[in-house]
Structures are given as structure tokens and as C-alpha cells.
Ligand SMILES: C[S@@+](CC[C@H](N)C(=O)[O-])C[C@H]1O[C@@H](n2cnc3c(N)ncnc32)[C@H](O)[C@@H]1O
């Protein structure tokens, strides 16, 4: 209990008088008003005339929510904390599920294993990005909102009518963001669940110029040849292994965007130069990934 100055008022005038005190800036907001018989003791700051001393309980301020990442209606926690999960669920009316990520992204399809901590048992949700609506399923196909600004950067670089190839498209965030600037987009992924969701997302966003393709990006060069103005390579750990294919797909004057995780500036520059010698390379820092490691993008413009 804390002793403080108090204004005594009859209970039936309580709310009206409390509002006046709030308006005049007298209320001690960290203390809880107390009943005393038919009166209410309202804690105040300072000692305005007519005040008296009284004991008050401190207001409970809600502790901050546990750390989590929000993707659409799903909150993802890095700790297995069911009570924290219930608090997130209660505090966020638009959250339907709280998941615990049991590890990092893994495997060829770059997915994580999740367990459900609270709410509806699903890994599927709807995510809105710059007005585009995506159905995602975190358990079966990769999705991250962290490149949303990067998608806008690519969009702003484009000339209208470009032919674009997304070699590792996932559920389609790049193709759908770029579609209405592009002539057409080839969107390839090896994960059938990703292509299934891509097709759903194309329909939701009424995108009619994206060709979904279930397959291995390594085969695209021999199928399509040199016809794209822009090629996207967002498979950070091993995208560089597909650079020869990307070079075959990109027409002179076109641009390849190679996403990489790296530990030193220019880590992939020599490899890029050895595969695409006649090119202009610009490297950009995107975001920190872990201690000493960051996500970078190389914009590689093939010379004319
Ligand atoms: C890091 S995710 C990026 C997905 C998407 N571009 C995005 O930004 O959300 C990489 C994707 O590459 C796909 N993938 C992995 N190996 C592949 C390959 N050889 N050919 C085509 N897709 C592949 C995975 O299934 C995954 O969806």
C-alpha cells in the first residue's frame, strides 16, 4: 500500500468527479481508488484544498507481451511459453493462433516445424502486404514478410512490360507485387504446396500474367533460354549455385537480383564476375540475420 493525498467524494458522484480530476490533471494514475463506506477516496497528485491522506493499492500495469513475430493472424514465438502465448492471444483480437518455431528454416523447401501453443490449431493464415492478399501456410511453404520493402524496391526499378522470372517464387509475394508492372512473369518453385498456394493467391489478387511452374529452377535455362529482363533469385543459402542458369535466362541489358547470406562484404562478387564477366554489380545490405551474418542482395546488370 502507498500513502498519498486523496479527494473524498460520495460514491454516487464518483465517476463525474473522477472525470473532472482527470481533466484538471490531478489524478494519480498509478494508484487504485478505494471505497470507504459510502465514499470513494480518489488518489491525487499534490494536495488540492479538501484533500486527506489515505492508503492506496498500486495499479497493476500489464507486463509487455513476450517476444514474437506477427504474420497475418499468426504470432510466432521463439520460446515454448504456453502462458505467454495465451497472453498474446488475449491481447491481440486479430490473432487466431500462436505458434512455437521448433527450429530454423530447413530442407530444400526452407520450411520450419511449428507446434501450436494457443488458439486455432493451424499454420495457415491470411497476410496483407501493400494491398495484396496472400494465403500462406507456414508449415508447408516458405513465407516471410521481411522482404516486403525489397519487393517494393524491385517494383520501383522496373520498366513497364518487362518479362520477369522468379526462380524460387514460394507462394508468390514477388510475382504478385510486380505483376502489374510486368508484361509477364514466370514463377517457379520446386515445392508443390508453394505452387498450390501461389495459384490460390493469383486468383485472390486477380493476377492474370503470371505463369506458375512446379519444377527445378536448374532446368529453366534449357526450357526458356535468354528471354527475361529481370531474374529473381531468392534462395539465400545456395542461390549462387544457380547463377549460370540465371545468366542463360537474362537477356543483355537485363538484371539479376541475387539474394545471399554473407559474413563479409562482397563475398559473392568474385564468383559472380567469373560467371557473368560483362556485368555491373551493385551490392546492398538488406538486414541483419545473425551475429556477424547479414542478408544482402546483388543487383547484377548484364552489359548490352
Ligand atoms: C527462401 S524461399 C523464397 C520464397 C519466395 N521468393 C519468398 O520471397 O517468399 C526459397 C524457395 O525456393 C524453393 N526452392 C528450393 N530449391 C529449389 C529449386 N531447385 N528449384 C525451384 N525452387 C526451389 C523453396 O521451395 C522455397 O519456396
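Without any contact (Cβ under 8 Å) to a residue 24 or more places away in the chain and crowded, with 16+ Cβ neighbours inside 10 Å: is that true of residue 116 in this structure? Criteria met by residue 116.
Highlighted here are the strands (runs of 3 or more DSSP E) found entirely within region 87-129 that include at least 1 residues which are at pLDDT 95 or above and under 21 Å from residue 63 (Cα atoms): 97-101, 114-119. Filtered by the rule that a residue be touching a strand residue (DSSP E or B) at 6+ places or on another chain (Cβ under 7 Å) and away from the ligand (no atom under 16 Å from the Cβ), region 239-264 gives 250, 251, 252, 253, 254, 255, 263. Can you confirm whether region 162-184 contains a residue that is away from the ligand (no atom under 11 Å from the Cβ) and within 30 Å of residue 99 (Cβ to Cβ)? Within region 162-184 (the criterion being away from the ligand (no atom under 11 Å from the Cβ) and within 30 Å of residue 99 (Cβ to Cβ)), the answer is yes, since at least one residue qualifies.
Conditions tested, residue by residue: (1) over 30 Å from residue 209 (Cα atoms); (2) away from the ligand (no atom under 16 Å from the Cβ); (3) assigned by TED's automatic domain parsing to the domain that holds residue 208.
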{"residue": "75", "(1), (2), (3)": "yes, yes, no"}
{"residue": "116", "(1), (2), (3)": "yes, yes, no"}
{"residue": "135", "(1), (2), (3)": "no, no, no"}
{"residue": "151", "(1), (2), (3)": "no, no, yes"}
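Residue 204 fulfils the conditions (1) touching a helix residue (DSSP H, G or I) at 6+ places or on another chain (Cβ under 8 Å); (2) modelled with pLDDT of 95 or more except for a single criterion, (1).
The values are calculated or read from the model by the stated rules, or taken from the named source; none is laboratory data. Just so it is clear, the model here is predicted, and its values are computed rather than measured. In this analysis, Cβ positions are derived from the backbone assuming ideal geometry, glycine residues included, and neighbour counts consider all displayed protein chains.
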